[in-house]
Amino acid sequence: MIVNEGMARPEGSLIQVQRKLAKTMVRNHTNMISDFQLKQILRLLHDDYQYLGMTISIYDTPDQVKSDHENHGQRYIDDWCYKDALNGTLGGYHKLGNIALFPFNHIVKNPAYRKGLMQLFLIQDLFHEIRHAYQRVHMKRQYNTPYITTDTSGYRSQWIERDANRFAYRMVEKHRHTLNAILGIDFRWNSCWGRFYITIER
């Protein structure tokens, strides 16, 4: 953004303009969570996470992913991300402020807890990918470190992935009661580094 320093402007207006340009846009294609619930959950994050210029796209089915890719090309979903989303190996993705989430790739076998657990997987993936957007803006040196993609252990060895996993775990644990209230989850659950477990009282 170009600012004419010769023009008088009210104190703080540059920051306000920058924040307006960097607001988050949500493209919610799922019935799993409402726009209102998403906004409530995003507000749980620190102010630094509110103005990262993110576009968050959430999909209910592979057909929605195909349709979005056909209509918009790589604007919201990169080609490699598109393939991994459709072959079932990708829950979420971030690139240059674009976040895409594919909760349908998580498997929940117990129908009694399916909706709640799918929501939790979605929120965990959301926090993980938002952390990548934060890294891109505020941790540029670490974020731009060459990425090793040899195999699963290569992925897990990346500093940015370990950091994003820790952040997502921390946010889910810190806000568990608020998340339960927002999402209407009425069963007890525990999380452990990307997995959720149900506590059944007998």
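The values are calculated or read from the model by the stated rules, or taken from the named source; none is laboratory data. Treat the numbers as computed from the prediction; the structure is a model and nothing was measured. In this analysis, Cβ positions are derived from the backbone assuming ideal geometry, glycine residues included, and neighbour counts consider all displayed protein chains.
Overview of values
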read-out: Matching residues in region 37-65 - criterion: being among the small types (Gly, Ala, Ser) and modelled with pLDDT of 95 or more; value: Ser57
read-out: Filtered residues of region 153-187 (kept if at pLDDT below 90 and among the small types (Gly, Ala, Ser)); value: Ser153, Gly154, Ser157
read-out: Residues (more than 10 Å from the chain's Cα centre (by Cα) and of a type in the set (A, V, I, L, M)) located in region 80-107; value: Ala85, Leu86, Leu90, Leu96, Ile107
read-out: Tally, over region 157-175, of residues that are assigned to a helix (DSSP H, G or I), without any contact (Cβ under 8 Å) to a residue 24 or more places away in the chain and either more than 20 Å from Gln37 (Cα to Cα) or among the β-branched types (Val, Ile, Thr) (or both); value: 5
read-out: Pairs with Cβ under 8 Å, 6+ apart, first in region 176-202 and within 22 Å of Lys39 (Cβ to Cβ), second at pLDDT 85 or above and loosely packed, with under 11 Cβ neighbours inside 10 Å; value: Asn180/Asp186
read-out: Residue ID - surrounded by the fewest Cβ atoms within 10 Å (Cβ to Cβ), chosen from residues in region 115-147 that are at pLDDT 90 or above and of a type in the set (Val, Ile, Thr); value: Val137
read-out: Region 167-190 - residue that is in contact with an Asp or Glu (Cβ under 9 Å, 6 or more places away or on another chain) and surrounded by 16 or more Cβ atoms within 10 Å (Cβ to Cβ) and, of those, farthest from Leu122 (Cα to Cα); value: Asn180
read-out: Unmet criterion (only one of (1) over 24 Å from Met171 (Cβ atoms); (2) modelled with pLDDT of 95 or more; (3) of a type outside the set (Lys, Arg)) for Ser34; value: (1)
read-out: Flag if Thr150 is among the hydroxyl-bearing types (Ser, Thr, Tyr), at pLDDT below 80, farther than 28 Å from Arg43 by Cα and not in a helix (DSSP H, G or I); value: yes
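Condition check ((1) touching a helix residue (DSSP H, G or I) at 6+ places or on another chain (Cβ under 6 Å); (2) touching a residue at least 60 places away in the same chain (Cβ under 8 Å)) across all residues:
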residue: Leu52; (1), (2): yes, yes
residue: Asp60; (1), (2): no, no
residue: Gly73; (1), (2): no, no
residue: Ile77; (1), (2): yes, no
residue: Leu96; (1), (2): no, no
residue: Asn105; (1), (2): no, no
residue: Gly116; (1), (2): no, yes
